[in-house]
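*Asks:* Have a look at this one before I ask anything.
The values are calculated or read from the model by the stated rules, or taken from the named source; none is laboratory data. As the structure is a prediction and not an experimental result, all values here were calculated from the model. As a convention, Cβ positions derive from the backbone with ideal geometry for all residues, glycine included, and neighbour counts pool all protein chains shown.
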Number of protein chains: 2
Amino acid sequence: MTSTSDHRPFETVSEAKAFGGVQGVYSHASAETGTEMTFAVYLPPQAESLAAGETLPVLYYLSGLTCTHANVTEKGEYRAACAEHGIIFVAPDTSPRGEDVPDADGEYDFGLGAGFYVDATQAPYAEHYRMRSYVERELPALIEANFPVDPARQAIMGHSMGGHGALTVGLRNPDRFRSISAFAPIVAPSLVPWGEKALGRYLGEDRQSWREYDAVALIEDGARADCVLVDQGMADHFLVEQLQTHRLAEACKAAGMDAMIRLQEGYDHSYFFISTFMAEHVRWHAERLKA
Amino acid sequence: MTSTSDHRPFETVSEAKAFGGVQGVYSHASAETGTEMTFAVYLPPQAESLAAGETLPVLYYLSGLTCTHANVTEKGEYRAACAEHGIIFVAPDTSPRGEDVPDADGEYDFGLGAGFYVDATQAPYAEHYRMRSYVERELPALIEANFPVDPARQAIMGHSMGGHGALTVGLRNPDRFRSISAFAPIVAPSLVPWGEKALGRYLGEDRQSWREYDAVALIEDGARADCVLVDQGMADHFLVEQLQTHRLAEACKAAGMDAMIRLQEGYDHSYFFISTFMAEHVRWHAERLKA
């Protein structure tokens with residue numbers, strides 16, 4: 001991996017040909033987080049032959065606790081499907097990183113690798129932990145300015161904490177994302193240990209302020225999304241305590257909102273599960289992005 | 001990852017459902033290497049519904065320098081194709097490991113992670129570095145005794161040093177492996193720095209003894225294989241100095257041996273390259289294994 005200078009407002013960490021396209025990893029100085037942020041972009045082969053002004057749909061993928069861009073980039077098995085359907089795939093990091101970013105020593109579920117896609121309001125986190133604004137505004141603006149993506153054809157997906165991110169970002173921005181999907185998402189962080197810990201420390205104890213970062217609460221409060229697909233493994237050790245998929249099903253039912261929530265027998269929380277259904281998710285998004 | 005006791009003569013390190021089958025990682029005490037050896041086995045969904053005595057074809061994958069079973073297991077993207085075609089996929093480690101296994105400090109291309117699929121004859125390596133006998137005899141015997149594989153339908157593939165392994169194991173055992181494929185193999189280790197260093201230290205300076213561990217020399221000496229497929233990336237930084245694919249093409253031509261050697265424009269040495277062509281290799285093997 002070499003870092004090279006670039007005309008673009010970011011550095012190229014690495015680029016490799018894959019499935020006829022290019023898997024890149026880049027880094028840039030983020031104004032939101034005040035740190036260097038790394039992200040991955042897969043350009044399918046269709047990007048090579050675009051006429052001037054032509055664009056492709058884009059699919060954002062938000063990762064789970066402890067992950068960086070690298071986990072899905074290495075293990076996600078999305079490139080074959082993105083190459084087939086002509087989808088640009090973007091994978092950001094899960095938190096700010098750096099020496100001056102406050103962390104919680106030895107806690108995998110808070111701090112570095114655990115930004116929870118919120119804009120923190122509490123010291124000492126508020127300065128750098130601005131992952132909501134980063135994934136909702138700054139990164140998409142950077143992507144749209146530098147890659148041939150069509151802002152009218154965006155979709156979002158994620159895993160676990162990133163499934164929470166995808167659902168909440170998508171529900172808050174229904175006009176922007178045509179489709180939302182998730183693997184094993186945290187659907188109601190306000191009600192489970194991972195979420196109570198993170199939202200409490202990032203946002204403070206006023207639980208009303210948590211509701212815009214909670215998919216079930218957003219739906220209860222009136223947010224809607226037309227196209228939602230969730231896959232949840234039934235052998236996932238986090239299902240009962242942390243994920244509680246049934247709460248999303250109940251909220252959708254109460255709200256009269258359609259969502260395809262599938263329980264997958266025997267699958268766990270890992271990328272062995274994610275990769276199994278990744279191609280199907282990409283195709284599902286592609287159908288909606290091309291409609 | 002938990003280690004559990006097992007009726008089988010190996011320990012289960014982990015098992016996860018993937019693409020309808022089971023991705024397992026196991027370890028056992030190897031008589032050949034005198035160490036604990038870890039290996040991965042993917043059982044496709046077809047393995048679940050076999051009648052007593054029914055078996056599936058098996059494809060062995062040998063990894064490259066610095067790798068363990070984990071690289072291809074995480075990044076290889078073989079499970080979708082193995083599930084489609086009903087192929088059992090086995091990935092061993094690349095060397096013995098353990099405190100009493102002699103290593104070369106700081107050298108990535110010799111010692112741990114760099115067994116080169118030879119039976120070493122030189123001290124201090126001869127005791128543990130017996131990767132030829134391990135992948136040629138001990139591991140297949142263990143697999144055949146404990147998984148529903150058909151010994152009459154075996155194939156072998158590998159990457160880089162593991163491509164060298166696949167070609168040499170395959171060429172020495174033409175009646176056993178119906179097909180051999182490789183990504184970016186070291187085709188003539190006797191003639192390139194990686195190979196001269198490893199074969200010299202493991203086997204000593206008598207270069208005649210290296211020939212059974214050199215695909216080009218094996219072909220020159222009369223070994224033949226009916227079905228050989230090689231993919232080599234043209235942007236692979238190791239091509240000119242270490243891989244020298246042209247030597248295999250020349251040896252096959254001189255011997256009148258058919259081999260499909262494909263040069264792939266723009267691809268490097270990484271798993272981004274391997275994963276791109278993995279499904280095609282699995283399908284190619286499947287056609288020959290089912291014939």
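*Asks:* Within region B:227-238, how many residues turn out to be within 19 Å of B:MET157 (Cβ to Cβ) and either of a type in the set (Val, Ile, Thr) or over 18 Å from the mean Cα position of the chain (by Cα) (or both)?
*Replies:* Going through region B:227-238 one residue at a time, the tally reaches 5.
*Asks:* Which residues, taken from region B:7-34, are in contact with a Pro (Cβ under 6 Å, 6 or more places away or on another chain) and surrounded by 20 or more Cβ atoms within 10 Å (Cβ to Cβ)?
*Replies:* The answer is B:GLY21, B:THR33.
*Asks:* Follow-up. Show me the strands (runs of 3 or more DSSP E) entirely contained within region A:174-273 in which 1 or more residues are out of contact with any strand residue (DSSP E or B) (no Cβ under 8 Å at 6 or more places or on another chain), within 14 Å of chain B (Cβ to nearest Cβ) and crowded, with 22+ Cβ neighbours inside 10 Å.
*Replies:* Output list is empty.
*Asks:* Can you tell me which residue within region A:15-38, out of those that are touching a Gly at 6+ places or on another chain (Cβ under 6 Å) and within 10 Å of another protein chain (Cβ to nearest Cβ), is farthest from A:PRO102 (Cα to Cα)?
*Replies:* A:LYS17
*Asks:* Could you say which residue among A:SER160, A:SER133, A:SER95 is among the polar types (S, T, N, Q), in contact with an Asp or Glu (Cβ under 6 Å, 6 or more places away or on another chain) and closer than 22 Å to A:LEU199 by Cβ?
*Replies:* Only one candidate passes the filter, namely A:SER133.
*Asks:* Continuing with this model, one more query. Have a look at B:THR68, B:THR55 and point out the one that is surrounded by fewer than 24 Cβ atoms within 10 Å (Cβ to Cβ), more than 25 Å from A:THR73 (Cα to Cα) and hydroxyl-bearing (Ser, Thr, Tyr).
*Replies:* B:THR55
*Asks:* Report whether or not A:ALA126 is at pLDDT 95 or above, buried (at least 20 other Cβ atoms within 10 Å of the Cβ) and either touching a Pro at 6+ places or on another chain (Cβ under 7 Å) or closer than 14 Å to A:ALA198 by Cα (or both).
*Replies:* It is false that A:ALA126 is at pLDDT 95 or above, buried (at least 20 other Cβ atoms within 10 Å of the Cβ) and either touching a Pro at 6+ places or on another chain (Cβ under 7 Å) or closer than 14 Å to A:ALA198 by Cα (or both).
*Asks:* Another question about this same structure. Check off (1) buried (at least 23 other Cβ atoms within 10 Å of the Cβ); (2) touching a Ser or Thr at 6+ places or on another chain (Cβ under 6 Å); (3) β-branched (Val, Ile, Thr) for B:THR38 and give me the number that stays unchecked.
*Replies:* Checking B:THR38 against (1) buried (at least 23 other Cβ atoms within 10 Å of the Cβ); (2) touching a Ser or Thr at 6+ places or on another chain (Cβ under 6 Å); (3) β-branched (Val, Ile, Thr), the one that fails is (1).
*Asks:* All but one of (1) within 16 Å of the chain's Cα centre (by Cα); (2) more than 19 Å from B:HIS164 (Cα to Cα); (3) crowded, with 20+ Cβ neighbours inside 10 Å hold for B:HIS85, so report the exception by its number.
*Replies:* Here B:HIS85 meets the rest and fails (1).
*Asks:* Before we move on, is A:ALA286 assigned to a helix (DSSP H, G or I), more than 19 Å from the chain's Cα centre (by Cα) and modelled with pLDDT of 95 or more?
*Replies:* Here the answer is no, as A:ALA286 does not meet what is asked.
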